[in-house]
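Chemist: If you scroll down you'll find the structure; I have some questions about it.
The values are calculated or read from the model by the stated rules, or taken from the named source; none is laboratory data. Predicted model, so just to flag it, every value in this text is computed and none were measured. In this analysis, Cβ positions are derived from the backbone assuming ideal geometry, glycine residues included, and neighbour counts consider all displayed protein chains. Note: areas computed on protein heavy atoms with side chains; ligands, DNA, RNA excluded. Shrake-Rupley method; radii C 1.70, N 1.55, O 1.52, S 1.80 Å.
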Amino acid sequence: MIAGDFVRALHAHTRQEVVAVGSRDATRAASFAEAHGIPTAHESYDRLLADGMVDAVYVATPMSEHAANARDCIDAGKAVLVEKSFTRTADEARYVRSHARERGVFVMEAMKTVYLPHMQVLRRLLADGVLGAVDTVQASYGGVVPFEPRSRLFDPALGGGVLLDVGVYPLSFAYSVLGPFDRVQASGTLAPTGVDDGMSAVLDARAGGRAVVSASWRSSLPARAAVHGADATVTFGEPFHNAAALILSSHDARTLSFADLRRPGRQGLCHQANAMAGYIAEGRTESPIHSLDDSVAVMDVLDRLRHSVGASFDDEATPPEPTPPEHRPAAPTAPATNAP
């Protein structure tokens, strides 16, 4: 579903061309290609990566496959945009970061929120010191999701868990404002399969300030975010992780509003694709506003949060190994060229 929305966003809002789609299942690849007007469908990832028309690959497989898929793209010399969460674990994220830097290949996490217009405004307000010293960041995201043990959301073998699926949004938002966290306190709940399905945490930032973040599949938490500083507060309309309004309220009762809602919902995926194309054109190998170090740091905190509520994967200490094609989940990856 998300891969399809990504393709639609590219076609509607960029000049990038989706030239091929790959899946371990030839029927699924052909169906996806037909549904989205993609000229070529490959029955394996290897064939997609050997396609000379492909400049960059968007990885939309389950979290369990991200590290191996990214490695294969890097080995093929293809720039790669990896859906959030970047990997299952911080160890896997470090592996991808090291491999990308050794090979000099562009790799970026598809943390779409970072590239949205209202986040650009927030970065400017923070850089200019308009908020003063930031004391507290609040962010939450959740919704009721019926338990289905074979779903990628609840299956630990596929990297399931609320933190990796939607909890990464409030955490990444808080990290983008406060930077690294030293102290993490969390409580949460587990689904019958052992993955986390609810979490609330307080995180103390190394540079000062704290974050209060929540994620849940047990209740409909509002997708809200706010940044509270000594001189002003910024609040965001719902959902903060898509195109949203921004309101700056200073303590002397002045307000400033900003809203660019022209690309609502997943249409906003076009912003990260355009950013990636621009970075590649500049000769970069990482995003300057959400680097691989940032992705690793967020994965580190996600690990700590999962472990603190009692959720872990059996092989977390094991580096990702090549996955035989016949065992790879049948989720398509849709590549795009690096034309802006």
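Chemist: Identify the residue in segment 284-302 that is over 15 Å from the mean Cα position of the chain (by Cα) and of a type outside the set (S, T, N, Q) and, among all such residues, is nearest to Gly104 (Cα to Cα).
Modeler: Arg284
Chemist: Here are some conditions: (1) more than 24 Å from Ala215 (Cα to Cα); (2) within 19 Å of the chain's Cα centre (by Cα). Gly129 meets all but one. Which one does it not meet?
Modeler: With respect to (1) more than 24 Å from Ala215 (Cα to Cα); (2) within 19 Å of the chain's Cα centre (by Cα), Gly129 is out only on (2).
Chemist: Does segment 147-156 contain any residue that is under 19 Å from His66 (Cα atoms), within 16 Å of the chain's Cα centre (by Cα) and open to solvent by less than 60 Å² (accessible area, probe 1.4 Å)?
Modeler: Scanning segment 147-156, I find at least one residue that is under 19 Å from His66 (Cα atoms), within 16 Å of the chain's Cα centre (by Cα) and open to solvent by less than 60 Å² (accessible area, probe 1.4 Å), so the answer is yes.
Chemist: Here's a follow-up. Is there any pair linking a residue in segment 61-84 that is touching a residue at least 12 places away in the same chain (Cβ under 8 Å) to one that is surrounded by fewer than 22 Cβ atoms within 10 Å (Cβ to Cβ) and of a type in the set (Lys, Arg), with Cβ under 7 Å and at least six apart or on different chains, and which?
Modeler: Close Cβ pairs (under 7 Å, with a partner that is surrounded by fewer than 22 Cβ atoms within 10 Å (Cβ to Cβ) and of a type in the set (Lys, Arg)) amount to Pro62/Arg152; Glu65/Arg328; Ile74/Arg103.
Here's the yes/no breakdown for (1) more than 16 Å from the chain's Cα centre (by Cα); (2) open to solvent by 50 Å² or more (accessible area, probe 1.4 Å):
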| position | (1), (2) |
| --- | --- |
| Thr89 | no, no |
| Glu92 | no, no |
| Arg97 | no, yes |
| Glu102 | yes, yes |
| Val107 | no, no |
| Tyr115 | no, no |
| Met119 | no, no |
| Arg123 | yes, yes |
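Chemist: Related question: If you take the residues in segment 255-283 that are farther than 15 Å from Val114 by Cβ and hydroxyl-bearing (Ser, Thr, Tyr), which one is nearest to the chain's Cα centre (by Cα)?
Modeler: The qualifying residue nearest to the chain's Cα centre (by Cα) is Ser257.
Chemist: Starting from residues that are more than 30 Å from Asp5 (Cβ to Cβ) and of a type in the set (D, E, K, R), keep the ones in segment 230-254 and report whichever is farthest from the chain's Cα centre (by Cα).
Modeler: Asp252
Chemist: I'd like the full set of residues that are touching a Pro at 6+ places or on another chain (Cβ under 7 Å) and open to solvent by less than 20 Å² (accessible area, probe 1.4 Å), limited to segment 23-44.
Modeler: Those that are touching a Pro at 6+ places or on another chain (Cβ under 7 Å) and open to solvent by less than 20 Å² (accessible area, probe 1.4 Å): Ser23, Ala29.
Chemist: Related question: Determine which member of the set Ala12, Ala20 is touching a helix residue (DSSP H, G or I) at 6+ places or on another chain (Cβ under 9 Å), small (Gly, Ala, Ser) and buried (at least 18 other Cβ atoms within 10 Å of the Cβ).
Modeler: Exactly one residue qualifies, and that residue is Ala20.
Chemist: Being part of a helix (DSSP H, G or I) and hydroxyl-bearing (Ser, Thr, Tyr) is the filter; apply it to segment 87-142 and report the residue that is nearest to Pro222 (Cα to Cα).
Modeler: Thr113
Chemist: Report, ordered by the first and then the second residue, all pairs with beta carbons closer than 9 Å, sequence separation of six or more or different chains, a first member in segment 12-40 that is without any contact (Cβ under 8 Å) to a residue 12 or more places away in the chain, and a second member that is in a strand (DSSP E or B) and surrounded by fewer than 22 Cβ atoms within 10 Å (Cβ to Cβ).
Modeler: Qualifying pairs under 9 Å: Ala30/Ala41; Ser31/Ala41; Glu34/Ala41.
Chemist: Condition first: out of contact with any strand residue (DSSP E or B) (no Cβ under 6 Å at 6 or more places or on another chain) and open to solvent by less than 20 Å² (accessible area, probe 1.4 Å). Now tell me which residues in segment 66-83 satisfy that.
Modeler: Those that are out of contact with any strand residue (DSSP E or B) (no Cβ under 6 Å at 6 or more places or on another chain) and open to solvent by less than 20 Å² (accessible area, probe 1.4 Å): Ala67, Ala68, Arg71, Ile74.
Chemist: If we scan segment 294-308, do we find a residue that is buried (at least 16 other Cβ atoms within 10 Å of the Cβ), farther than 30 Å from Phe32 by Cα and either polar (S, T, N, Q) or modelled with pLDDT under 50 (or both)?
Modeler: Among the residues of segment 294-308, at least one is buried (at least 16 other Cβ atoms within 10 Å of the Cβ), farther than 30 Å from Phe32 by Cα and either polar (S, T, N, Q) or modelled with pLDDT under 50 (or both), which makes the answer yes.
Chemist: Residues that are crowded, with 18+ Cβ neighbours inside 10 Å and of a type in the set (Asp, Glu): find the strands (runs of 3 or more DSSP E) completely inside segment 160-256 holding 1 or more of those.
Modeler: 196-205
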